[in-house]
Structure formats: structure tokens, C-alpha cells
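As C-alpha cells, the structure follows; a few thoughts come after it.
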Amino acid sequence: MDLLNVSKSRYTTKAYDPNRKIPQQQFERLLEILRLTPSSINIQPWHFFIADNNAAKQRIAKALVGKYAYNAPKVLDSSHTILFCTKADISEQHLATLLTQDDLSGRFKDEKAKQGQKDSRSGYVDYYRNEKGDIQRWAENQTFIALGQLLLAAGIEGVDATPIGGFDEQIINQELGLDERGLIPSVLMTLGYRSETDFNAQLPKSRLNREEIFTQL
Ligand SMILES: Cc1cc2nc3c(=O)[nH]c(=O)nc-3n(C[C@H](O)[C@H](O)[C@H](O)COP(=O)(O)O)c2cc1C
């Protein structure tokens, strides 16, 4: 299916068939697409928690209480749920890990090229941290690119999905020890197959029209 048709046909699944599981090989493909998400200066400021069994999904569902309770069945009935986290800050250690990976991937023809990448990346991080003063927002923006990438990938693979921003951040923080790992929870995504009773599958898509959102210069 081409991307335009996927964009039209994918939708936010509100109810899942609890008996259907995404084949492992296909899920691995989705994870690989997720890993390949592009980010500003290739900063990859994310970490993903994957729940593919009942006990793991129950842990995530702990954060789906009170005003977020409507999202709990989506997680519990999904085939897989992924919590997208963002690094709370960009550490020197993370920058070193990225540089080592760039090197291992064969991106530097010599030490000078490696040093150039190191300096340029640090320069941008310093700019976002000190001059713009919104490094966390910048980092989290990257994580949301990953959300978009996986949503479209799921559509192409014929897997239903739900992006979920409605969850209790404090509870998920505590449950998974995110603070200690220097992470903030950004968004959840459930994956699986729609239930026959999903009312949202029948509703037409609604988007603002072109005149509203595009300005031709
Ligand atoms: C960042 C983000 C957070 C969202 N959070 C929720 C949520 O907590 N619960 C839910 O049912 N849908 C959630 N949605 C789904 C949106 O309501 C949905 O994408 C939007 O209405 C467009 O509909 P469509 O995805 O069916 O095209 C979220 C979507 C995004 C992108």
C-alpha cells in the first residue's frame, strides 16, 4: 500500500482483539523501523520499554487510572505496548556512545572527521541547553518523530495502533524507575488488531482542510 493510502486508512484504534498477537518476526521489523528513526544531529535521545506479555502490560496499566482509565483496556488488550521515553538531559556519556557508534558504522575517514562530528554535535547540544534553554523539549521532539515513524510503519504492516498521551507520568515514573535512569515518559503506543466492536474503525477521518493549514508563498 502506498503511503497516501496508509495515511488515509490507518486510524487510532480504540478497542483491540485480545486474542490476536503480532507475529514475532513482524514485530521485530517494526522495532527495526523504530530504531532507524531519524533525529536532529542523530541524537537518538530515546529509550523504549516494550510490554509483550500480560504482567508487563499490567505494569504499564497502573498509570492508566482516574481520568486516564479509558486508555487501560487498549494496553491490556493490545498485542504489544511500547512506552517511548526521552533522556531528561544529554550527557557526555551519551555523546560518547553516539560518537563510538558513528565510528563503528564507518562514518569517519580519519580522526579529523571524527573530531569534527564531536565538536559539531556538542555545539548544537550546548546551543539547545544554554542559548535556547529548551534542551528537553528539543529532545522530546525527536521522540515524537519516532512515534510518527512507527505509526506509519504499523499502518504499512497492517497492524493497528494507538498513540497514547493520556497516562499518569508520576505513576509510570515510579513503576519503571525512570528518574533513576535519567528518562522522562513521553508517549505510549499500543499495537495489535482492532476488535470488531471498535466504534472508531467506522468513523470517517477528520482533518482541517488545505486552505486552513497551508500558505503558498
Ligand atoms: C501524541 C498523541 C497522543 C494521543 N493520546 C491519545 C490518548 O491518550 N487516547 C486516545 O484514545 N487517543 C489518543 N491519541 C489519538 C488522537 O486522538 C488521534 O490520532 C487523532 O484524533 C487523529 O485520529 P486518527 O489517528 O484516527 O487519524 C493521541 C494521538 C497523539 C498523536
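Here are a few things to note about the model shown:
- Those lysines that a straight Cα-Cα span of less than 16 Å connects to Lys57, excepting residues fewer than 8 apart in one chain: Lys21, Lys74
- Prolate/oblate/rounded label for the stretch 90-131 (Cα gyration tensor, a/c 1.5): oblate
- Legend: residue pairs Lys109/Lys132; Lys14/Lys205; Lys87/Lys114; Lys87/Lys118, Cα-Cα distance threshold 21 Å; pairs beyond threshold, Lys109/Lys132; Lys87/Lys114.
- Overall form of the chain per C-alpha gyration tensor (a/c, 1.5; a/b vs b/c): prolate
- Listed residues Leu178, Leu30, Leu104, most fluctuating in the chain (Gaussian network, C-alpha, under 10 Å): Leu104
- Ordering Gln149, Pro204, Phe167 by Cα displacement along the dipole of the stretch 130-217 toward the positive end leaves Pro204 in first place; charges were set at the Cβ atoms of Lys, Arg (+1) and Asp, Glu (-1).
- Here the Gaussian network model covers the chain, with springs between Cα atoms less than 10 Å apart; of Gln117, Gln142, Gln101, Gln101 fluctuates the most.
- Pairs of Cα atoms nearer than 8 Å and 6+ residues apart set the relative contact order; for the chain it is 38 percent.
- Choice from Ala15, Ala113, Ala161 showing the highest fluctuation, given a GNM over the chain with Cα pairs closer than 10 Å: Ala113
- Its relative contact order, with pairs defined as Cα atoms under 8 Å and 6+ residues apart, puts the stretch 16-126 at 31 percent.
- Beta bridges per DSSP with both ends in the chain, % antiparallel, nearest 5: 95
- Rounded if a/c under 1.5, otherwise prolate or oblate - the stretch 111-155, Cα gyration tensor axes: oblate
- The distance from the alpha carbon centre of the stretch 40-85 to that of the stretch 112-169 is 18 Å, rounded to a whole number.
- Total charge dipole magnitude, the stretch 23-168, about the Cα centre, Cβ charges on Lys, Arg, Asp, Glu only, Debye to nearest 20: 160
Throughout, read-outs are computed from the coordinates displayed, never taken from laboratory work. Since the model is a prediction, treat every value here as computed from it, not as a measurement. Note that each Cβ is placed from the backbone with ideal geometry, even for glycine, and that neighbours are counted across all protein chains shown.
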